[in-house]
Structures are given as C-alpha cells and as structure tokens.
Amino acid sequence: MKDDHHESKFPAAHNCHDCPLRDTPGMVGRGVIDETTGRVNVLIIGEGPGREEVRKKQVFIGPSGALLYKTMRSINLGSSFWLTNSALCASKDAKEKRAASLCCEDRLRHTIAELRPRIIMTLGNIPTDILLGKGEGITARRGSVNKVQITKEFSTIVVPTVHPAAVLRNNNWLTDFESDFIRVSRILFGKYKVSLESKEVEYTVTADYPMVLAEAERSVFAVLDLETTGLDMTRDRLLCAVVATDWHVYIIEKRVMYSPWFANALEHCTARWSGHNAKFDRNFLIKQIGCYVDFAYDSMLAHYLFDERQGNQGLKNICRRLWSAPDWEAPVRSMLKRREIKDYGDLPLDLLYKYAAHDGYWQRRLTIYTGKLLLKDSKKKWVFDTLLMPGSRALSQAEVRGVKVDQEALEPLKERYEEVRKAKEMELICIAGRDFNARSPQQVAEIMFDELNLPKLNGRSTAAKTVLLRYPFPRHPFVETLLDYREVDTLLTRYINGLIKNISPDGYVHSSFSLSGTVTGRLSSSKPNLQNQPSRVPSAKKDIRDLFIAEPGDVWCDCDFSQLEYRMIAVLSQDPYLLQCYKEGKDFHAEMAEMIWGPDWTKANRTDAKGINFGLAYGRSVKGIMSDGTLDIDYNTALRVASTFFKRMPGVVRFNAETRGFVKTHRYVETPLGRVRRFPEVALAKNEWQMGRIYREAINMLPQSTASDATLYAFINLHKRGFDVRITVHDSIVVSAPADQVEHAARNQMSIMSKSAAELFGDQIPFPTDAQIGKRWGSLKELKMTQGGET
C-alpha cells in the first residue's frame, strides 16, 4: 500500500513487503465513534475496497454499499459504527485479496483493539476466515455468534454474514443477510442471549438397549438417529444409534443392533420418536435389520415449512444459525478431506460417538423449537400432520421396495446412444469445418461467434442452453445440432450412467423422493431422478422408462390427473368460464384450439394452445412464450390466442393481478392449504423485468403447489389402503398390481385419487384421472374399462 494514501486514524505496522498489492493505492474505513467511550457498537468488515472506492476515498459505495446502508438504516444498531475491509487495497482477484488480507491482519486487529467494538460483523469468507480461522463457507457459518480473543486484553463477539455483493447476485440470501443484522441488533440491546462457550454433550455408550428404550418410552418424545457408513440403504451399514431422551443422550453400540432381539424391541417400543429426515433412518432400519419404526415427528420437515429454500434444511447449519451451535462435524470433515478415512466407518469410535451424541442433542433442541412454531400456526401444522408426516411414511414404502431394472436392455441402449452422440459430434465438426471439443464451452463459443459469426444475444458470447433456445427459427444448423448433441450427452451421462451407478445388488433402484427439495412443495427425486427425462431426443423418454419393469405376474398401473394444474387455476381464480368448462367435462385446451383454428383443429394446434394457455396463466408475455422456440405457430397467431384468453377468462386475469399486488406488498404468497413461498428479492428489484420474474414465480407457485399437494394426498391415501405404490411424477402415481386384478385395482386407484383431490379442494369441479397399464413404464397402454371386467 502506497504511504501517500495511508490516512489511517489507527496507525499500525503493515506487512506491505509481502503483500501482492503493495504498489496499489488503498484506503481505510470510516464511521461514527462514541465520543464518550471512544468505542463503537458495531464494526463491519468487508473483503477489500473497489477501485472507485479508493479513488473517492469512501468505503462501501455502489450497489453493495447501498444495500448495506439500507439494511443498517432499517435495523437499530445504535449510534456508533465503523466500516472497514480486511484488505485496504483494491483488487478484483480473490486470491490476491485473501493474500493481502493475511498481510493486513495485524493492522486489522490493531484497529479492532482501538475501536473496541461490542460486535463485529464479517462480510464474506475472507474476513470471517481471518478472525475465526479457515472453515466451512460463509453460507454455513453465517448467523453464528462467536467469541474471539483479539488481543490479550480484549475479546468481542463476531457474527459472520454473506457479503452484500453476494446478496445482489443471489437474492435468496437477502433474508439471511437481514436476519443476521437483526440478530446483531438484538444482541446489542439484550434481547438475544446465547452461551458463547462450546457445549460438550454428555452421553453414555451402552449395549443395554432395553434400558434405553424404556427411558425413551417415559419421555414426552425421544430422538432416534442412526450413524451409517454411507447413504445407500442396500450397500451401507449401521454404525450406531443415538437416542436422546428427556434426561440423557445414549449411544447404542453396533454389536447389538444387528441382533433380532434389538430389532424386535425397537419395533415394539412405544416411544414418540423424532428424527431429522426421519425417512432416511426408517428406510435404513427396514433394509438393514427388518425393523419398522413409525416416527411421530420430523424436525427437518417442520423446519422446511418455515424456510422453504433449497439447501437450508441441514441439521448442523440450522442449529448454528439458531443457537450458534458448535461445528461438531469439523473433525470428521477434516479427516475426510485429508483422506485419513474413507467413510464414517473408519472413524475412531470415540470421535464417532461424540459426533452422534451432538446429532441427538441438537435434534432434540430443534424438535422442541419447531414444535412450538407449529403450535402457533394452525395451517402449517395441518400441512405437517396431514401431508408431510404421512407422506414421509408412504414414500418410505416406495423407496424401500424400489423399481426393478431391465439390466439386459441397459447396455445395448447405452451403446446405441453412444453411437448417436458420436454421429451428432461428427455433424458439428462438419458444420464447423474443423475438429474441436464439443464439450468445451470456450471452443464452442469460438466456433459460433468467431468463425460462424453467429449473433450474440444480448451481447453475450455464451453457448449456454438457455441462450441457444432463444435463437429465432429457423435456427442455424450448428445451434440445432449442438442442442441435440448436448441432450444426448446428458441422456448418457446423467440418466443412463446414473442409472447404472444406482442399481442396487438386488437389481432395483431405490430412488429417494424428497418432500423438502423444492420451494413450491412439489416432490423431487434423486439417485436416480425418476421425474425428469430428456425430451428433445426422439424416443429418449420412452427408452429410459422402458428400463423400469414390473415384477413377474404384475403390471404397472399409471394413473394421471387430467389437467390438474389448470383445474387448480380454475379453483383458485374462480373464473366462471374455466369452471364451466371443467364442470361440463370439456377439454379446455381443445376448446381454445377450436376457438382459434375452427372445428378442424389438429393435435398440434391443441399443443400450441396449451403452451400459450399455461404461459399466459403464469403471467408470461406472448413474446416471452414465443422466445422459447417450442411452438409451431407465428407471432400473430399467438396474439390471437392471447386475445381470446384474456376475453374469455377475466377471472384468471384478475387473480394474476391480485397475486402480483400481494407479493409486491407482502413479499410472499400462500396457498389455501398454508404452504408459503417467500420473495425477499422484491426489496431489491430495480425494474419491471426483475419484478416480472418474481410475479411469474409467485403466480406459478399457487397452482403448482396445490396440484402437487393433491397428488401427494392421493399417494398417501393409496398407501393407507394397501396399494403397492412405486413412483410418483408430478400429477401421476404408478402402482404395481397383479395382472389378473389390474382393472379392479385401476378403478379403485382412479376413484381414490379423484376423491382425494375433491376432499382437499371441494367438489366444485371434478378431478378425473386417466389410467395406463403395462409391463414396462415407457410402453404403457390406455386402459379401456368394460362392464364385464375385460380390458
């Protein structure tokens, strides 16, 4: 740092000699110091100044600074504060910034000692690592309250949070950013108390499971959590079980867990068990020791109802945010990173048991905390009791039983698509006129923009799929072939190879269905993903699904709700025309097709009308819908469809307008059943384009979430009535049934599904289903019902 730019109020020695920014102009912080005490309430430390900040001698200017100051103004942090950075000199390079911050550490600690802040907030990874030591990323550490010794004489509290620049890149972090500032304010004014001492959990390791289970039964509730060698219920093994009761934490040793006496005792134990992602533990116990445990509570699903964002449901991160829980996984993570161990099975037993005990202790705290929240919110408690917990039990059956894979057909299919991929790659090379790596984004961009001189959409030199799809028709042959190549490549790498990887020794895949994997409440699946297959490659979806086969003597019966999302739009909007269509059993999309193209409309016309209908109902413009390149109509025809839509369905138009107004004012939307999706980014939206995205997602949330809940409720009811449910994909449910009973099973399944939707949303309109049957999921045929029972 050049001395002529050093105007520090707190002079201290800098290690500028070793700093990569030693010849770069820099600047120090600014703020308001309490004249009486000479100290500040809050010291906020960023990573480093920008060049404009150095030039103007002002810290935190620009969009990041504006967000920071706006947040500080809205939350009471007292009258004194100071803003600075861990590095005083400007650099855009993250490595340089980190190295410079290390060289500036003594200067930073000297500044802290002079200011004696009651609380320090670190913005981003670099200042957090400087003061707390290298650890997990900022998203895992943010919101935690840490006591740090700055000098021998002075210690203070450090609360990390995400950098405002990161919030501007990912608006979902705004809620976390604001809540961290609120926490600091509460600490300052004595409204938030937390123990800063690392809590050691007392526990007992025992083989005396009858004693532990008896104490669990006497508890109001007890936590049951398993430690395993991995996540695969068919390949991995149990290591121990932790039971946290009202009085103590116990570790049950592995040596007794595989005995039939333990399985029998656990299955007949009447304790009210709580778990965190209890479905995982339930499935492992079924597969490993043949024991079914009916968990009464799941703290992960309860927390999900109050924070629906993806990636926010991990026990350790939740407890660190709520109570500044210690990072009890750090020693294990360190050993895995250094490859000292392969999995948790290689851990020294004392470390494994200590880790397990913390899991049990903090799960118990979270169960109490989320239970109190649910008692204060009757709608969310209804969703938890009626959909999430019963859904967890029903999905366990589907996951444990799994889906049989035709492994003999798998390898030939892989070879066939490898040939297709090679052919597409050769087409690309021929169009480009030279050899190149089609998987390299840089080489693809060079071909497209430097050699073929294709236009850059919005000035961006990128060949991302979202950009390629926006090229107008007819697309350049290179673009069209590149899209085909990538789809086949994805089919091979993600779906076919992914399927091979996930086939269990029993010849089945045991996909994991998540009840908390999306912001809308819609289910997701993984390992493998049974809910999404490539759609661009002809026959790909059928080819993949044909690999999933029914057991000998059984057939699949796939029942699908008819136009369920649009029926939910009718219920939510109360649009008279739409309600009348469904009351009279009409096909709404066909009705729209006939209005535009007359009585001779085609199947393709209906598909185009459906695409526009959905786009308009979810708040998209005609231009936006057409830019997808999926409709085989011109712009003027699309405008005619839109004009008819708006004239015919004023209720839908009104519903969308009301939803837009509500989310703009309240920053969330809520379904009739009580599911909530929050939109904190409303506060950051600067223009209509940004608000438009929020409006579309808010409008989409309502029918999609309600349709998903109707399907989930039907899934639960089928499970309760003894159906062998195997798969659910959005609005459809697949069951396995004996071939000689399939029509009877299908009739009952269709009836139960229709009645389930009506039970939730009333009988104002019907909720019909269609049924298909077959031995292979991809080759199902429509089931024709007859009076005599024949098909």
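The values are calculated or read from the model by the stated rules, or taken from the named source; none is laboratory data. Keep in mind the model is a prediction, meaning the values are calculated, not measured. Glycine gets a Cβ as well: all are built from the backbone with ideal geometry, and neighbour counts include every protein chain shown.
Going through (1) at pLDDT 90 or above; (2) part of a loop (DSSP other than H, G, I, E, B) one by one, GLN580 falls short only on (2). Those helices (runs of 4 or more DSSP H) of region 288-350 in which 1 or more residues are closer than 30 Å to PHE679 by Cα occupy 299-304, 315-323.
What do you reckon, is GLU480 more than 14 Å from VAL729 (Cβ to Cβ) and either assigned to a helix (DSSP H, G or I) or under 22 Å from the mean Cα position of the chain (by Cα) (or both)? Spelling it out, GLU480 is indeed more than 14 Å from VAL729 (Cβ to Cβ) and either assigned to a helix (DSSP H, G or I) or under 22 Å from the mean Cα position of the chain (by Cα) (or both).
Yes or no: VAL734 closer than 20 Å to ILE549 by Cα, in contact with a Ser or Thr (Cβ under 8 Å, 6 or more places away or on another chain) and modelled with pLDDT under 95? Criteria not met by VAL734. Considering only region 672-680, I want to know if a residue exists there that is outside any helix (DSSP H, G or I) and surrounded by fewer than 17 Cβ atoms within 10 Å (Cβ to Cβ). Within region 672-680, one or more residues are outside any helix (DSSP H, G or I) and surrounded by fewer than 17 Cβ atoms within 10 Å (Cβ to Cβ). Given (1) within 24 Å of the chain's Cα centre (by Cα); (2) under 24 Å from TYR566 (Cβ atoms); (3) surrounded by fewer than 14 Cβ atoms within 10 Å (Cβ to Cβ), where does PHE646 come up short, assuming only one miss? The one condition PHE646 does not meet is (1).
Tell me yes or no: at least one residue of region 548-557 is out of contact with any Lys or Arg (no Cβ under 9 Å at 6 or more places or on another chain) and touching a residue at least 24 places away in the same chain (Cβ under 8 Å). There is at least one residue in region 548-557 that is out of contact with any Lys or Arg (no Cβ under 9 Å at 6 or more places or on another chain) and touching a residue at least 24 places away in the same chain (Cβ under 8 Å).
Within region 190-211, identify whether any single residue is modelled with pLDDT under 95 and aromatic (Phe, Trp, Tyr), and answer yes or no. The answer is yes, given that some residue of region 190-211 is modelled with pLDDT under 95 and aromatic (Phe, Trp, Tyr). Against the definition (crowded, with 22+ Cβ neighbours inside 10 Å and on the phi < 0 side of the Ramachandran plot), how does ILE112 come out, yes or no? It is true that ILE112 is crowded, with 22+ Cβ neighbours inside 10 Å and on the phi < 0 side of the Ramachandran plot. If the condition is being among the small types (Gly, Ala, Ser) and buried (at least 20 other Cβ atoms within 10 Å of the Cβ), then region 483-510 contributes no residue at all. Figure legend. Inter-residue proximity from region 333-345: first residues touching a residue at least 40 places away in the same chain (Cβ under 8 Å), second residues assigned to a loop (DSSP other than H, G, I, E, B) and among the hydroxyl-bearing types (Ser, Thr, Tyr), beta-carbon distance below 9 Å, spacing 6+ or different chains. Indicated pairs: ASP343/THR229; TYR344/THR229; GLY345/THR229.
For region 716-729, the count of residues that are under 14 Å from VAL519 (Cα atoms) and either touching a helix residue (DSSP H, G or I) at 6+ places or on another chain (Cβ under 7 Å) or aliphatic (A, V, I, L, M) (or both) is zero.
Being touching a residue at least 40 places away in the same chain (Cβ under 8 Å), in a helix (DSSP H, G or I) and more than 31 Å from the chain's Cα centre (by Cα) is the filter here, so list the residues in region 751-783 that pass it. The one that is touching a residue at least 40 places away in the same chain (Cβ under 8 Å), in a helix (DSSP H, G or I) and more than 31 Å from the chain's Cα centre (by Cα): SER779.
Entry remark, region 58-103: residues being in a helix (DSSP H, G or I) and over 19 Å from ASP129 (Cα atoms) number 13 in total. What are the residues in region 302-326 that are surrounded by fewer than 17 Cβ atoms within 10 Å (Cβ to Cβ) and either of a type in the set (Ser, Thr, Tyr) or in contact with a Gly (Cβ under 7 Å, 6 or more places away or on another chain) (or both), if any? Correct list: GLN310 only. Scanning for something small (Gly, Ala, Ser), touching a helix residue (DSSP H, G or I) at 6+ places or on another chain (Cβ under 9 Å), at pLDDT 95 or above and part of a helix (DSSP H, G or I), does region 653-666 turn up at least one residue? Checked against the condition, which is being small (Gly, Ala, Ser), touching a helix residue (DSSP H, G or I) at 6+ places or on another chain (Cβ under 9 Å), at pLDDT 95 or above and part of a helix (DSSP H, G or I), region 653-666 yields no hits at all. When you check LYS527 against the structure, is it surrounded by fewer than 20 Cβ atoms within 10 Å (Cβ to Cβ), closer than 30 Å to VAL479 by Cβ and charged (D, E, K, R), yes or no? Considered against the rule, which asks whether it is surrounded by fewer than 20 Cβ atoms within 10 Å (Cβ to Cβ), closer than 30 Å to VAL479 by Cβ and charged (D, E, K, R), LYS527 comes out as no. Per the listing GLU418, GLU446, the residue uniquely over 32 Å from the mean Cα position of the chain (by Cα), surrounded by fewer than 19 Cβ atoms within 10 Å (Cβ to Cβ) and part of a helix (DSSP H, G or I) is GLU446.
Going by what's in this entry, would ARG620 be described as of a type outside the set (A, V, I, L, M, F, W, C), under 30 Å from ASP307 (Cβ atoms), at pLDDT below 95 and outside any helix (DSSP H, G or I)? In short, yes. Being farther than 25 Å from ILE119 by Cβ and touching a residue at least 40 places away in the same chain (Cβ under 8 Å) narrows it down to one of PRO25, PRO49, so name that one. After ruling out the rest, the residue left standing is PRO25.
Criterion first (farther than 30 Å from VAL159 by Cβ, assigned by TED's automatic domain parsing to the domain that holds LEU351, within 25 Å of the chain's Cα centre (by Cα) and not hydroxyl-bearing (Ser, Thr, Tyr)) does ASP281 satisfy it? When the stated conditions are applied, ASP281 passes them. Within region 661-697, the residues that satisfy the criterion of being in contact (Cβ under 8 Å) with a residue 40 or more places away in the chain and either among the basic types (Lys, Arg) or in the same structural domain as HIS303 (by TED's automatic domain parsing) (or both) are ARG675, ARG677, ARG678, ARG696. Could you tell me whether region 748-764 includes any residue that is outside the structural domain of GLN533 (by TED's automatic domain parsing), more than 23 Å from GLU565 (Cβ to Cβ) and of a type outside the set (Val, Ile, Thr)? Yes, some residue in region 748-764 is outside the structural domain of GLN533 (by TED's automatic domain parsing), more than 23 Å from GLU565 (Cβ to Cβ) and of a type outside the set (Val, Ile, Thr). Does ARG606 fit the bill of being modelled with pLDDT of 85 or more, surrounded by 15 or more Cβ atoms within 10 Å (Cβ to Cβ) and either closer than 25 Å to ARG475 by Cα or touching a His at 6+ places or on another chain (Cβ under 7 Å) (or both)? Here the answer is yes, as ARG606 does meet what is asked. Considering ALA214, ALA265, ALA271, ALA207, the condition of being closer than 17 Å to GLY290 by Cβ, without any contact (Cβ under 8 Å) to a residue 60 or more places away in the chain and assigned by TED's automatic domain parsing to the domain that holds LEU347 is satisfied by ALA265 alone.
When you check ASP435 against the structure, is it among the charged types (D, E, K, R) and in contact (Cβ under 8 Å) with a residue 40 or more places away in the chain, yes or no? The answer is no for ASP435.
The single residue among LEU88, LEU102, LEU108, LEU43 that is hydrophobic (A, V, I, L, M, F, W, C) and under 20 Å from LEU188 (Cβ atoms) turns out to be LEU43. Residue count for region 223-262, restricted to those that are within 15 Å of ALA357 (Cα to Cα), in contact (Cβ under 8 Å) with a residue 40 or more places away in the chain and assigned to a loop (DSSP other than H, G, I, E, B): 1. Taken over region 395-422, the criterion of being of a type in the set (Ser, Thr, Tyr) and over 17 Å from LEU547 (Cβ atoms) is satisfied by SER396 alone.
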